[in-house]
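These notes concern the structure reproduced below.
The values are calculated or read from the model by the stated rules, or taken from the named source; none is laboratory data. As the structure is a prediction and not an experimental result, all values here were calculated from the model. For neighbour counting, all protein chains shown are included, and Cβ atoms are generated from backbone atoms with ideal geometry for every residue, glycine included.
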Amino acid sequence: MTSKYAVILAAGQGTRMKSKLYKVLHPVCGKPMVDHVLTQIEKNDMDQIVTVIGHGADMVKDTLKERTNYVVQAQQLGTGHAVMQAESLLGDKDGMTLIACGDTPLFTAETFSELFQYHQSKGAVATVLTAHTEAPFGYGRIIRNDLGIVERIVEQKDATKDEAAVKEINTGVYCFNNRELFEALHKINNDNAQGEYYLTDLMEVFQKEGKVVAAYQMKDFEESMGVNDRVALANASKVMRLRINHTHMKNGVTIVDPENTYIDSDVEIGSDTVIEPGVSLKGNTKIGSECVIGSHSEIIDSSIGDHVNVTSSLIEGSVMHDNSDIGPYSHLRPQANIGQGAHIGNFVEVKKATIGENTKVGHLTYVGDATLGQEINVGCGTVFVNYDGINKHHTDVGDYSFIGSGSNVVAPVKLGDHAYVAAGSTITQDVKPHDMAIARGRQVNKDGYYDKYPVAKAAQKTADAKKNN
Ligand code: UD1
Ligand code: CA
């Protein structure tokens, strides 16, 4: 088998993005563009992958980690110059080399594989991946001779009017004979409109030497979309979004409005789950089967079991076990762990807390830094008071307990199993199992208060006078 190498070009600043963030790190469906490129290349069983870094080198390394080797291009003198930096790692190897840019996030592993096959079948030293588009502006154009053979690639800025009219574009992806590639790179110059060493000039070098240059035209131009500015970023994100949503639908997920459902690349969803319009599922999120994720919910880096209902809620860094439910309008902050069958109702915030099996936290409640057992009822408007202004403290509530509405449970404190808290209590001391705590002022009724209180009487008089007028 022929060895397969890849070089990913990712050293540019991306001036046209007008951003502090380096271009190849801009996310498309939650994943940096260059990560998309690497992920699809990796699927081709590669022998070695080299990424050329420059601007934002450390951040790119932090993103891609050990998945690739790196070479640094200190000055961005063009795509040809960028590939040349990989010579120290790849120059003396036999095999074929795929080159892709870090700003073309939509290419699929299948397309790369087709390119390898085509390149080999043609016995070419260089094969450029091309696409047809009615809007070729900005791309390099493929210039073929009368026999249809690729002679060279002309950049937009160097193109004559006739050349600019060509609708076959360079996708920026190529396959080369590895040794020929590094040999030929020494033969290009920067005599062009941008004063750069163009990788694309290699085609002409090979052509003049009588070597076979091939072009493989892919069917789907969209897949080759290069992102140079924010408009293209939005366009690429839309293509990726629909691609992701279609994959989930094919796998048995109902997506009511795929145009308006935002699912990041690595999200997993079980079959017969229904995703309503406007939902965002982000990062490392996993959703089980037969769930309903209601309109405008947002779920980030969280794990949701089977048969879970989420209604218009925000869930971050949390776990919801099977048959639990939440919402409308509730918020799970990081490290909320919602037990099987547990119910989180409306206007509830949970943070760093475990809610046991079948426990109910129905309305207007804050649970922070707490461990709640199973089958507990937490009444409306309960506050787990976890912060003294300096430190956070923990509360434990035993199984089958009942916390009356409007209570403050001031941590650190422990409530045993089957403990009761009377409504309106402020609990500052532990409650033993099976006991009830009442911690509020006793009710006092004032007999005949109205008749004795002059202000109230005066107000009544004014009201009566108005009525009679
Ligand atoms: C390039 C191609 C063009 C093609 C288009 C496809 C050249 C000369 N032109 O143009 O024919 O149609 O891609 O999207 O190759 N980079 C470096 N170091 C450099 C310059 C660039 O690493 O010195 C990297 C960039 O980070 C980027 C990639 O190479 O990821 C492409 O560079 P870019 O400037 O975007 O090239 P285009 O003008 O889009
Ligand atoms: Ca580009």
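Here are the numbers for this structure:
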| item | result |
| --- | --- |
| Which numbered condition Lys161 fails, given (1) surrounded by fewer than 17 Cβ atoms within 10 Å (Cβ to Cβ); (2) of a type outside the set (Val, Ile, Thr); (3) closer than 18 Å to Thr127 by Cβ; (4) out of contact with any strand residue (DSSP E or B) (no Cβ under 8 Å at 6 or more places or on another chain) | (3) |
| Filtered residue count, region 123-138, keeping only those that are more than 14 Å from ligand 1 (Cβ to nearest atom) and either crowded, with 16+ Cβ neighbours inside 10 Å or of a type in the set (A, V, I, L, M) (or both) | 3 |
| Any hit, region 151-167, residues being in contact (Cβ under 8 Å) with a residue 60 or more places away in the chain, over 17 Å from Asp47 (Cβ atoms), part of a loop (DSSP other than H, G, I, E, B) and within 12 Å of ligand 1 (Cβ to nearest atom) | no |
| First in region 76-92 and of a type in the set (Lys, Arg), second anywhere and buried (at least 16 other Cβ atoms within 10 Å of the Cβ), Cβ under 7 Å, 6 or more apart | none |
| Within region 195-228, tally of residues that are under 18 Å from Ala82 (Cα atoms), modelled with pLDDT of 95 or more, within 16 Å of ligand 2 (Cβ to nearest atom) and not aliphatic (A, V, I, L, M) | 4 |
| For Val71: the one exception among (1) surrounded by 17 or more Cβ atoms within 10 Å (Cβ to Cβ); (2) touching a residue at least 24 places away in the same chain (Cβ under 8 Å) | (2) |
| Residue match in region 6-15 (condition: in contact with a Leu (Cβ under 9 Å, 6 or more places away or on another chain), within 16 Å of ligand 2 (Cβ to nearest atom) and assigned to a helix (DSSP H, G or I)) | no |
| Where a residue in region 441-462 is under 30 Å from Ser425 (Cα atoms) and its partner, wherever it lies, is surrounded by 10 or more Cβ atoms within 10 Å (Cβ to Cβ), with Cβ under 6 Å and at least six apart | Tyr450/Ala456 |
| Among residues of region 333-347, those that are hydrophobic (A, V, I, L, M, F, W, C) and farther than 13 Å from Gly362 by Cβ, counted | 2 |
| Residue in region 185-197 that is within 13 Å of ligand 1 (Cβ to nearest atom) and under 34 Å from the mean Cα position of the chain (by Cα) present | no |
| Subset of region 16-58 (residues that are in a helix (DSSP H, G or I) and more than 21 Å from the chain's Cα centre (by Cα)) | Arg16, Ala57 |
| Residue satisfying condition, being in contact (Cβ under 8 Å) with a residue 24 or more places away in the chain and not polar (S, T, N, Q), within set Val205, Val173 | Val173 |
| Meets criteria (touching a Lys or Arg at 6+ places or on another chain (Cβ under 6 Å) and surrounded by 13 or more Cβ atoms within 10 Å (Cβ to Cβ)) for Ser401 | no |
| Test for Tyr118: is it within 12 Å of ligand 1 (Cβ to nearest atom) and either among the polar types (S, T, N, Q) or in contact (Cβ under 8 Å) with a residue 40 or more places away in the chain (or both) | no |
| Single match in Leu106, Leu64 (criterion: within 15 Å of ligand 2 (Cβ to nearest atom) and surrounded by 14 or more Cβ atoms within 10 Å (Cβ to Cβ)) | Leu106 |
| Complete set of residues in region 121-148 that are assigned to a strand (DSSP E or B) and without any contact (Cβ under 8 Å) to a residue 60 or more places away in the chain | Arg141, Ile143 |
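Here is a yes/no grid of residues against (1) touching a Lys or Arg at 6+ places or on another chain (Cβ under 9 Å); (2) closer than 24 Å to Ala159 by Cα; (3) not polar (S, T, N, Q):
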| site | (1), (2), (3) |
| --- | --- |
| Gly172 | no, yes, yes |
| Leu181 | no, no, yes |
| Asp191 | no, yes, yes |
| Gln194 | yes, yes, no |
| Leu199 | no, yes, yes |
| Leu202 | yes, yes, yes |
| Phe206 | no, yes, yes |
| Gln217 | no, yes, no |
